[in-house]
1. Residue separation times 0.36 nm, minus the C-alpha to C-alpha distance between ASP152 and ARG32: what's the value?
2. What does the extension gain come out to for SER10 and LYS243, with contour length at 0.36 nm per residue minus their alpha carbon separation?
3. Can you work out the FRET efficiency for the pair GLN362 and VAL254, with r the C-beta to C-beta distance and R0 = 51 Å, to the nearest 0.05?
4. Can you bin the stretch 215-391 into rounded, prolate or oblate? Criterion: square roots of the alpha carbon gyration tensor eigenvalues sorted a ≥ b ≥ c, rounded for a/c under 1.5, prolate for a/b above b/c, oblate for the rest.
5. Suppose each label sits 7 Å from its Cα in the direction of the beta carbon; what would the ARG347-ARG226 distance come out to in nanometres?
6. Between ASP161 and LEU392, what is the FRET efficiency for a Förster distance of 30 Å, r being their Cβ-Cβ separation, to the nearest 0.05?
7. How large is ³J(HN,Hα), in whole Hz, for each residue of the stretch 347-359 in order, when computed from phi with the Karplus curve 6.51 cos²θ - 1.76 cosθ + 1.60 and θ = phi - 60°, using x for Gly and Pro?
8. How large is ³J(HN,Hα) for each residue in the stretch 22-29, as worked out from phi by the Karplus curve 6.51 cos²θ - 1.76 cosθ + 1.60 (θ = phi - 60°), to whole Hz, x for Gly and Pro?
Amino acid sequence: MTESPLNKWSDALLVQAALEGRDEAFAVLIDRYRPAIFGTAWSALQDFDDAEDATQEAFVLAYRHLNGLKDPARFAPWACSIASNVARKWLGKRVLNRHRFVRLEAVSEEDVKRPEPQPGQPISPEELKKAFETLSPEDRAVTTLFYLVGLDQQQIADILDIPAGTVKSRLHRSRRRLKRRLLDMAKQSFEHRATREDYGRAVIGGMRGVIHWERLLGQEGLSGWRSGNPLRTEGSKLEEVWKRSGEAIIGEDVDGHGERLITGDDSWMDYELSLLMTPLSGGNAQVQFRLSDDGRRYYMLDFLLGWQAVAISKGDLSPGSGGVQKLSVVNFPMEIGREYDVMIAAREASLTAYVDGKLVNQATDFSYRSGPIALNVWQSKTAYRDPRIRFLH
């Protein structure tokens, strides 16, 4: 993919171009500073999911109030201050409503050392949170930007608008509390959340305010989900096909007729669906969306492992219908046992699919405008993790 010439522009030029209506210029600013903004939010919130939403809100606010930036060359510290304010607001709500945060004084240095992560084992979000809670908010912000985001000391000083000597002293203080091994492992856990591609479309596309993700999987079991296959005369019991294993839903089609796990209703129309998919065996791992009320008509994102391709298809299982029609098919190398980060966007007639942050499929179709979503296994076994949805209307 050819690099945009805007990537070489200074912040000041990009801000001016964005003020003149060039959204692609603001998208470059998002790509340039997303890790720093995400790191600023995460250092306060200590939660990857909340930091994702706070980062989006910060960029939305920056986009809306860009004409209030007096010095365009100082976009980075200005945007980071917005992120800090958003995180403080979220933190205040969390303390008032859920009382989730532990007082920093109550977490000892020994809590960080026991148990020590084993070689090759990624650090868990809870371990990372507990470790970083031993730091003051100021030390935590500097440590996050230096060790996890990868900024140098002068860049941090510029972004946080503090002397470089202050950055150095805060890092020195933090190193005494956090083992270097823990910092290295934390960086691995942090990087994939802070550098996702195509993030700009979530901020600029529509600008109707912050649209938060809603989790579709509760703490236990499969509450809120139902199974169903319109081709069966008798439906299978949910527990015969679908299992809950920790944060994953695992489905296995044992007789080759296919099985669905459905959530939502006929009012679901314009939405983005995000989930992690792991093909475990067989030929097809599928997600259906905008199912009709009788379940016979739908769109589908289909991992065609035999073909090594990803397709957006529309299906019509009504008598005399055309069956399944592929609207967009793209070659895509896939592996059994690998987890893929998938997002499907259904906005009016536009249907798009992203895999691991990259745009893969684009299609336009006016047939089915609303309906729930379904995880589908057909002659396969697939694990689905962390399904989420956000409604775009």
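Since every read-out is calculated from the coordinates, none of them should be taken as a lab result. Please read these numbers as outputs of a predicted model, since none were measured by experiment. FYI the Cβ positions are ideal-geometry reconstructions off the backbone, even for glycines, and counts take in every protein chain you see.
1. 41.7 nm
2. The span from SER10 to LYS243 would gain 78.7 nm if fully extended.
3. That pair, GLN362 with VAL254, gives E of 0.90.
4. It comes out rounded by the Cα gyration axes.
5. Simple spin-label model gives 3.1 nm for this pair.
6. Here the calculated transfer efficiency is 0.25.
7. Each residue of the stretch 347-359 in turn: 10, 6, 8, 8, 10, 9, 9, 10, 10, 6, x, 10, 5 Hz.
8. 8, 4, 5, 5, 5, 4, 5, 4
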